[in-house]
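Data first, discussion second: the structure below is written as structure tokens.
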Amino acid sequence: SSASDQEKLRPPPPHVLIFPMPVQGHLNPMLKLAHLLCLAEFHVTFIISDFNQHRLLQHTAASAAFSRCPGFQFRTFPDGLPDDHPRSGHRAMEFVSSVANVTVPLFKKMMIKENFLASAARRPVTCFVADGLLSFAPEFCEENGIPFIFFGTATTSYLWAIFRFPQLLEAQEIPLGGKSMDELIESMPGMEGIIRRRDLPGFVERAQAVVFNTCEDLEGQIVAEIHKHVPRVFSIGPIHHQVKHRLAEKKAESSIITASLWAEDRSCMDWLDAQPPRSVIYVSFGSLALVTREQVLEFLHGLLDSSQRFLWVVRPDSVTGSDGNDPVLTELMERIKGKGLLVEWAPQDKVLNHPAVGGFLTHSGWNSTLESIAAGVPMVCWPYFADQTTNSRFVSEVWKVGLDIKDTCDRKIIEEAIRDLMDVRKDEFMERAENLAKVVKRTVSKGGSSYNNLDGLIQYIKSLVV
Ligand code: UDP
């Protein structure tokens, strides 16, 4: 029989449903997981908000990349917010609530109505890979008999601390006066009188499998702890590096699918080409952090006083308390000419891998941290929220590839940290960062643990097809 007949006879591949929280730092790794599963010739349905799908297709070459992944499809839903809502900073929680109250009910209704996305070409979904922030997922999967795979986008160590929170309370290790696990927690804004101690997140234990964007070389001990509570743990990170490796291995034409929600300013690559090797500190606080006008001034002075060259990402609308015509800011911006470059959004992974970049002043988001580690770039950490305070501690104390200035925002401290990293202790940091980069590159190469774990995940999903 002809090849196309055989194609028809072959049973359809597993169909994986992937649902990230629709924010930059979650879309990035989960879209890369989708890409990896497409390379394994799976069918993938990816849930995204209309708003972000529009931005993604507008600002990236994603459309072309997806066309080379025939098993991939989007399903879009409203996120329930007006287009001009910032979806970041102190209003990020409104976004999270809106996804829970608007998107999730629509999603559930659609799943039931469409028989779990079965079609002529596709099986109903084989398993549901859900963002660790979507707490409806375990119950929904249990009710409908769908295997639930938990995807952790944060550091595993941080997730571990959260998951053990109920146990910490029970053991009275958290000093709350020895109340029982059944007692209501009154101090949780928006959830007063609803949540008992035993309702605090522990749902990773209800997952059939968990996938972490980390690797055994970085967080092996914690991954092993979690393994005591869940039957299958696949740490497959750094996921962006795994994709690069798998694409190269397959000699695949398709390039890596980027999930950028802002237009990348490529002009900074030309500027970097003109700078000496390892001379530039890249500055970015990710996609959600907001900074005040005062903080911007401290960073500006710190950077200028350190006498290092810098490339600084200042997202539109990310500076609070300034209307854009601030004379002090304008004057300082004048002063940076020649020493630094400001952009609104950068192709970050490319920037970190540029030979002119020698350091990263970061808010310690987990994606940024992994990208910096894989590129062999040491960091000055200024953590903002969520897992970032944990990540920065690991960067400085465990992996020793950077300095953690925590929440201090003082021009003198910033200046000294940058000087230490880029000048005084440069060789020491560079050597450790380059070594760590080698280690994490090995882990996603053939025979490495993250490489094997991805194969394990693919086999596991195949085994779910009945
Ligand atoms: N990023 C980017 N360009 C920028 C700034 C950030 O592409 O100018 C990307 C970065 O590479 C990372 C993501 O945005 O993958 C930010 O995720 P992270 O977990 O570091 O922080 P979050 O934005 O979630 O706080």
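Bear in mind that the values in this text are calculations on the coordinates, not laboratory data. Bear in mind that the values here come from a model prediction, so they are computed numbers and not experimental data. All Cβ positions, even for glycine, are placed from backbone atoms using ideal geometry, and neighbour counts span all protein chains on display.
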Sequence ranges 281-293, 433-445, ranked by mean other-Cβ count within 10 angstrom, highest first:
281-293, 433-445
Between the alpha carbon centres of segment 31-78 and segment 383-416 the gap in Å comes to 34 Å
Search the structure for amide H atoms under 5 Å from the amide H of R232, placed 1.01 Å from N in the peptide plane, and list their residues when 5 or more places away or on another chain.
V210
Row for the chain, column shape: gyration tensor on C-alpha, a ≥ b ≥ c, rounded if a/c < 1.5 i.e. under 1.5, prolate if a/b over b/c, else oblate; value prolate
Show me 381-391, 304-314 ranked by packing, highest mean number of other Cβ atoms within 10 Å first.
381-391, 304-314
Give me the number: length gained by fully extending D317 to V96, i.e. 0.36 nm times residue separation minus the C-alpha to C-alpha distance, one decimal in nm.
77.6 nm
Could you order the peptides 151-160, 405-414 from most to least packed, using the average number of other C-beta atoms within 10 Å per residue?
151-160, 405-414
Only sites in a loop by DSSP and with at most 13 other Cβ atoms within 10 Å count here; which trypsin sites (Lys or Arg not before Pro) in segment 313-391 make the cut?
K339
Angle in degrees between helix 104-113 and the longest Cα principal axis of the chain, rounded to the nearest 10
30 degrees
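Stretch E428-E294 to full length: gain in nm at 0.36 nm per residue minus the Cα-Cα span?
45.0 nm
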Signed unit charges on C-beta, dipole axis of segment 292-416, positive-most listed residue P378, Q388, M333:
P378
At 0.36 nm per residue, and after removing the present C-alpha to C-alpha distance, how many nm does the segment from S180 to M269 gain when stretched out fully?
26.3 nm
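Treat every Asp and Glu Cβ in segment 342-406 as -1 and every Lys and Arg Cβ as +1, leave all other atoms uncharged, and give the resulting dipole magnitude about the Cα centre to the nearest 20 debye.
Charge dipole, segment 342-406, about its Cα centre: 140 debye, nearest 20.
Please state the charge dipole magnitude for the chain, taken about the Cα centre, from unit charges on C-beta atoms (+1 on K and R, -1 on D and E), reported in debye and rounded to the nearest 20.
Values: 48 positive and 56 negative charges, 312 e Å.
Charge dipole of the chain: 1500 debye, to the nearest 20.
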Considering amide H positions built from the backbone, and no H for Pro or chain starts, which residues 5 or more places from S49, or on another chain, come under 5 Å of its amide H?
F77
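Quick one: which of K244/K406; K32/K251; K108/K250 span more than 26 angstrom between C-alpha atoms?
Values: K244/K406 32 Å; K32/K251 17 Å; K108/K250 36 Å.
In this structure, K244/K406; K108/K250 lie more than 26 Å apart at Cα.
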With a/c under 1.5 counting as rounded, go ahead and sort segment 401-447 into rounded, prolate or oblate using the C-alpha gyration tensor (a ≥ b ≥ c being the square roots of the eigenvalues; past the cut-off, prolate if a/b is larger than b/c, else oblate).
oblate
Candidate cut points under trypsin sites (Lys or Arg not before Pro) in segment 200-239, DSSP loop plus at most 15 other Cβ atoms within 10 Å of their own Cβ, are K228
Please report H90, H240 as a ranked list, fewest other C-beta atoms within 10 angstrom at the top and most at the bottom.
H90, H240
Give or take rounding to whole Å, what are the principal axis extents of the alpha carbon atoms in segment 72-134, in descending order?
43, 23, 21
